[in-house]
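Novice: I'd like to ask some things about the structure below.
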Amino acid sequence: AKTAGRNTLRFFDPDMQQAVTARAALESDLRQALAQDEFLLHWQPQVDSQGEMLGVEALLRWKHPQRGMVSPAVFIPLAEETGTILPLGRWVLETACAQIAAWAARPETAGLTVAVNVSVLQFRHPDFVDQVLAELDKAGANPRRLKLELTESLLVSDMEETVTKMAALKRRGVCFSLDDFGTGYSSLYYLKRLPLDQLKIDQSFVRDLLSDPNDAAIVRTIVALAQSLGLHVIAEGVENESQQQFLAEHGCHAYQGYLFSRPLAAEQLQAFLEARTHA
Ligand code: C2E
Ligand code: CA
Ligand code: CA
Ligand code: CA
C-alpha cells in the first residue's frame, strides 16, 4: 500500500479488500450457522398501560463461535441476499409456534401472543402460507396467538398476492402488524386494502417525541389513523416514562421498549413472566 502515491487510483484498497473478505467469511459462516445451532431467539415483552404482558416479539440472535453475538442488523440483510433467510425464517416460525404451544398449557400465559418478523423473500415465497400453517399444525399452536410483523416495503410490491396471502392466514386466525410504520411507502390506499390488525409506530418517532414537535405530530396522526381504521396500535422503542405518558394520553395503550424490558433470553423471560403473571 506504501507504493500507492497520493494521486494514484488504488484499485486494491486494502481496507476495502479486508471488508469484502470479512463479508464473504461471514456469508459462508451464515450458511452453516443453522446446522450448527448457532441461532437463538430473544423475546421482548409487549405490555399494556397497566404493565400487563400482552405478548412478546421474537428477535433473532446469532452466537458466532469466534465473533460472539452478531447483530441482526448485520446478518439479516446478508441472509436475505444469500437466501439463507428462508430456512432461518422457517426455524424462527417453528420456535415461535413451539413457544405458543408451551404457553397454552397454563391459563396465566395462554393468552400471550408471539410476534414474528417476516422478511420480504420469505413472504414472497410461493409456499409461505403453507409453511406458516404447517408450523402451527406441527406445534399444535393456536393461530390466534401468532402475530406476523410485516414491513411496508414488503407489502406494496404485489398487492394482489399480498392480500391473498394475508387473507388466507387471517381466515385461520393469524394476525398482522405493520412494523416500522411511518418509515416506508405506506399510502392510505394500502392501509385500507390490507387485512391488518395493528400498526407499530417506529421507534425513530418515539425517540424524540418530547423534544421534536414533528415527531409528536406524526405519532398523534398515526394513533388517530389507526383508530379511524379500526386498527390496534403499539409503540416500539419506549425508553422512559414521559414517552409512555405522552403515548397513553394520545390513545396508544400498547408498548414495547427498554422501559419495560430488553429482549430476554428464554430463562430470563420465564423469570419476567413469573414476576408479572404469577405463572
Ligand atoms: P425491529 O423489528 O424493528 O425490532 C426492534 C428492534 O429495536 C430490536 O433490535 C430491539 O432489540 C430494539 N429495541 C427494542 N426496544 C428498544 C428500545 O427501547 N430502544 C432502542 N433503541 N431499541 C430497542 P434487534 O433485536 O437488534 O433487531 C434489529 C432488526 O432485525 C429488527 O428490527 C428486525 O427488522 C430484524 N430482525 C430481528 N429478528 C428477525 C427475524 O427473526 N426475522 C427477520 N426477518 N428479521 C428480524
Ligand atoms: Ca419487528
Ligand atoms: Ca420495528
Ligand atoms: Ca426497526
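The values are calculated or read from the model by the stated rules, or taken from the named source; none is laboratory data. Note that the coordinates shown come from a computational prediction; the quantities given were computed from them, not determined experimentally. Because the Cβ atoms are built from the backbone with ideal geometry, glycine has one as well, and the counts that use them run over all protein chains shown. The area values use the complete protein model at the heavy-atom level, side chains included, leaving out ligands, DNA and RNA. Shrake-Rupley method; radii C 1.70, N 1.55, O 1.52, S 1.80 Å.
Novice: I'd like the accessible area for C252, computed on protein heavy atoms only with a 1.4 Å probe and all protein chains in place. Round to 10 Å², please.
Specialist: Its heavy atoms expose roughly 0 Å² to the probe.
Novice: So how exposed is H250, as accessible area in Å² (1.4 Å probe, rounded to 10)?
Specialist: Ignoring ligands and nucleic acids, H250 comes out at about 60 Å².
Novice: To continue, here is another question. Note down the relative contact order for the chain as a percent, whole number, built from C-alpha pairs under 8 angstrom at least six residues apart.
Specialist: Relative CO of the chain lands at 18 percent.
Novice: Sorted by accessible area with a 1.4 angstrom probe, largest first, how do E274, E236 fall?
Specialist: Final ranking, largest accessible area leading: E274, E236.
Novice: With the contact rule set at Cα under 8 Å and sequence spacing of 6 or more, what percent relative contact order holds for segment 132-218?
Specialist: Here the relative contact order equals 27 percent.
Novice: Quick one: putting +1 on the C-beta of Lys and Arg, -1 on the C-beta of Asp and Glu, what dipole do you get for segment 214-269 around its Cα centre, in Debye to the nearest 20?
Specialist: Its charge dipole is roughly 140 debye.
Novice: How much mean residue ellipticity at 222 nm does the chain get from its helices, if each DSSP H run of length 4 or more adds -39500 (n - 2.57) and you divide by all residues, to the nearest 500 deg cm²/dmol?
Specialist: It comes out at -14500 deg cm²/dmol, rounded to the nearest 500.
Novice: With a cut-off of at most 12 other beta carbons within 10 Å, and DSSP calling the residue loop, which chymotrypsin sites (Phe, Trp or Tyr not before Pro) in segment 141-201 qualify? Please list them.
Specialist: Counting only loop positions with at most 12 other Cβ atoms within 10 Å, the chymotrypsin sites (Phe, Trp or Tyr not before Pro) in segment 141-201 are Y185.
Novice: Suppose accessible area is computed on protein heavy atoms with a 1.4 Å probe; arrange M69, M53 from highest to lowest.
Specialist: Heavy-atom accessible area, descending, gives M69, M53.
Novice: Hey, another quick one. Not counting ligands, DNA or RNA, and with a 1.4 Å probe, what is V118's accessible surface area in Å² rounded to the nearest 10?
Specialist: 10
Novice: Scan the chain and hand back the longest stretch that contains none of the trypsin sites (Lys or Arg not before Pro) lying in DSSP loops with at most 15 other Cβ atoms within 10 Å.
Specialist: 173-279
Novice: Step by step: find N for segment 1-159, compute 2.2 N^0.38 Å, then divide the Cα radius of gyration by it. What's the final number?
Specialist: 1.33
Novice: For the chain, report the % of Cα-Cα distances exceeding 30 Å.
Specialist: That fraction is 36 percent.
Novice: Tell me, what is the per residue accessible area of the chain in Å², probe radius 1.4 Å?
Specialist: 51
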